[in-house]
Amino acid sequence: MNADDETFDLIVLGAGAGGMTAALVGALEGLRVVLIERTDWIGGTSATSSGTVWIPDNPHQRALGVTDDAGHALTYLDALVGGHADRSLRATFIDQGTRMVEYLEARSDVRFKAYPHHPDYRQELPGAALGGRPLEPLPFDGRRLGAAFGRLRAPIRELM
Ligand SMILES: Cc1cc2nc3c(=O)[nH]c(=O)nc-3n(C[C@H](O)[C@H](O)[C@H](O)COP(=O)(O)OP(=O)(O)OC[C@H]3O[C@@H](n4cnc5c(N)ncnc54)[C@H](O)[C@@H]3O)c2cc1C
């Protein structure tokens, strides 16, 4: 088939954490997905980051006995972001964050662990937590990627 004639259910631009996750979920849900990356490397800024994701009231903090409250987290984001963005977006982020973690861990090899002692950066704001919300991705054996491992953007050594 001529590539120009191919059709897709989902076209994702950018192979960073956001795009890769969107493409992964699309594929897992049975969509025909194409992921387009403009550079020669997979990973974007995400590959150079610490990889910590901030998900309030997540299952891993609960397992450690670190209690949280989604309403408190929204209060924190409201105080932090204020009127600079649509409130429904951050409410949805908090509402769906736990679902995202559970979905990825059930349907893929992504695994997280919670930092029980990792304060939210703006402790003076209402709703700030002392720990539990940041999640660290666990190491993944790159050998499982085979030759594709060589296409990953190099990380920053200090943040590995
Ligand atoms: C040193 C460092 C440490 C960090 N640590 C953390 C952390 O611990 N926790 C945290 O939450 N955040 C952290 N960040 C911020 C975080 O890395 C970024 O916010 C996040 O990676 C952005 O993810 P993304 O998928 O949106 O974009 P990216 O990971 O940047 O991916 C975007 C991709 O899209 C590609 N692209 C762009 N335009 C096009 C186009 N038109 N067509 C096709 N492809 C395109 C780019 O080449 C790139 O590969 C850190 C950042 C840095 C620099």
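The values are calculated or read from the model by the stated rules, or taken from the named source; none is laboratory data. Small disclaimer: the values here were computed from a predicted structure and weren't measured. Cβ sites come from the backbone with ideal geometry, for glycine too, and all protein chains shown count toward neighbours.
When you scan the stretch 1-89 for helices (runs of 4 or more DSSP H) that lie fully inside it, which ones turn up with 3 or more residues that are more than 10 Å from the ligand (Cβ to nearest atom), farther than 17 Å from LEU135 by Cα and out of contact with any helix residue (DSSP H, G or I) (no Cβ under 8 Å at 6 or more places or on another chain)?
So the answer is 17-28, 70-81.
Between a residue in the stretch 35-51 that is farther than 11 Å from LEU13 by Cα and any residue that is surrounded by fewer than 15 Cβ atoms within 10 Å (Cβ to Cβ), which pairs come within a Cβ distance under 6 Å, given they are 6 or more apart or on different chains?
ILE42/ARG151; ILE42/LEU152; GLY43/LEU152; THR48/ILE156; SER50/LEU159
What is the one condition in (1) in a helix (DSSP H, G or I); (2) at pLDDT 95 or above; (3) loosely packed, with under 14 Cβ neighbours inside 10 Å that GLU105 does not satisfy?
With (1) in a helix (DSSP H, G or I); (2) at pLDDT 95 or above; (3) loosely packed, with under 14 Cβ neighbours inside 10 Å applied to GLU105, the lone miss is (3).
For the stretch 1-51, enumerate the residues that are under 20 Å from LEU104 (Cβ atoms) and among the basic types (Lys, Arg).
none
Every residue in the stretch 108-134 that is surrounded by 15 or more Cβ atoms within 10 Å (Cβ to Cβ), of a type outside the set (Gly, Ala, Ser) and over 30 Å from LEU28 (Cα atoms), please.
HIS118, ASP120
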